[in-house]
Amino acid sequence: MFKSIRNRHNAANEAILGTSRLFAGLWGDVKLADNGDVHFTGLPKELQGLTATQTWQRQLLGGSMSINLCLRREISSSGHGTLRFCGGKFRHKGNSTMAHDLIDHLHADASLMTELRHLDLAALIITLSGSQATIMLTPYGGGLAFLVMPPVRYAVAFPPDQIAMTARVVTRLERIVSGQSRDRGSRMTH
């Protein structure tokens, strides 16, 4: 059993590396950390700290590993909330003023919303927690699926036509989240 789990993790690391390498022309070479995260060596300044992480989902006779593009930013707010992109728009439960303002800014960016609707996304979640914002984009492709019986695993291909669009979306989300934070910070000091 141990060998099977180790082989599955090795296959997952290869899948996440292979998917991350698709972005090499935009974000530089990739390096796999001991924890399975992938770091990019040539990120533009606004995307410094972007990593590709793994999320495992177990099911009765197998499971999957999804790749997440994860970017954390310090923000000048102490708001809390979670924004989810589903059904072609961002949604938020709760009364966070910052989250509602952020949703307004995201929806106002017509090109961002158009590209988001064209991406094959499993999830897009923006979490506001204290003075930190986390953008987590999870595409459908780029991961690994496996069955226990019979023991089968295969990499799920990332659609090549979505590489540039995914990179643009991540960059635009970072600009809006960071810009909204700066705008709120400057309004609070005046």
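Quick note: the coordinates plus some simple rules give every number you see, no bench work behind them. These numbers were taken from a predicted model, which means no experiment stands behind them. Here the Cβ positions follow ideal geometry from the backbone for every residue, glycine too, while neighbour counts run over all protein chains shown.
General observations
- For region 135-152, a residue qualifies if it is closer than 17 Å to T166 by Cβ and either part of a strand (DSSP E or B) or of a type in the set (G, A, S) (or both), and the qualifying residues are I135, M136, L137, T138, P139, G141, G142, G143.
- Among (1) out of contact with any Gly (no Cβ under 8 Å at 6 or more places or on another chain); (2) surrounded by fewer than 19 Cβ atoms within 10 Å (Cβ to Cβ); (3) assigned to a helix (DSSP H, G or I), the one test that H9 misses: (1)
- Contact map, region 25-47: first residue on the phi > 0 side of the Ramachandran plot, second residue aromatic (F, W, Y), Cβ cut-off under 9 Å, separation 6 or more or different chains; pairs are G28/F40.
- Of residues in region 92-126 being assigned to a strand (DSSP E or B) and in contact with a Lys or Arg (Cβ under 9 Å, 6 or more places away or on another chain), the one farthest from T53 (Cα to Cα): H92
- Region 65-91, residues that are within 20 Å of E174 (Cβ to Cβ), assigned to a strand (DSSP E or B) and among the polar types (S, T, N, Q): N68, T82
- Considering residues of region 76-112 that are among the β-branched types (V, I, T) and closer than 28 Å to G142 by Cβ only, the residue farthest from the chain's Cα centre (by Cα): I103
- Close Cβ contacts (under 7 Å, 6 or more residues apart or on different chains) running from residues in region 78-105 that are within 17 Å of R117 (Cα to Cα) and in contact (Cβ under 8 Å) with a residue 60 or more places away in the chain to residues that are of a type in the set (A, V, I, L, M) and surrounded by 13 or more Cβ atoms within 10 Å (Cβ to Cβ) comprise H105/I176.
- Residue match in region 9-23 (condition: over 17 Å from the mean Cα position of the chain (by Cα) and without any contact (Cβ under 8 Å) to a residue 12 or more places away in the chain): yes
- Candidate set from region 43-64 (those that are assigned to a strand (DSSP E or B) and under 14 Å from the mean Cα position of the chain (by Cα)); member that is surrounded by the most Cβ atoms within 10 Å (Cβ to Cβ): A52
- Leading residue by the ranking (surrounded by the fewest Cβ atoms within 10 Å (Cβ to Cβ)) among those in region 86-105 that are in contact with a helix residue (DSSP H, G or I) (Cβ under 6 Å, 6 or more places away or on another chain) and within 21 Å of Q162 (Cα to Cα): G88
- Just one of the listed residues (L112, L137, L147, L119) is surrounded by 20 or more Cβ atoms within 10 Å (Cβ to Cβ) and of a type outside the set (K, R), and it is L137.
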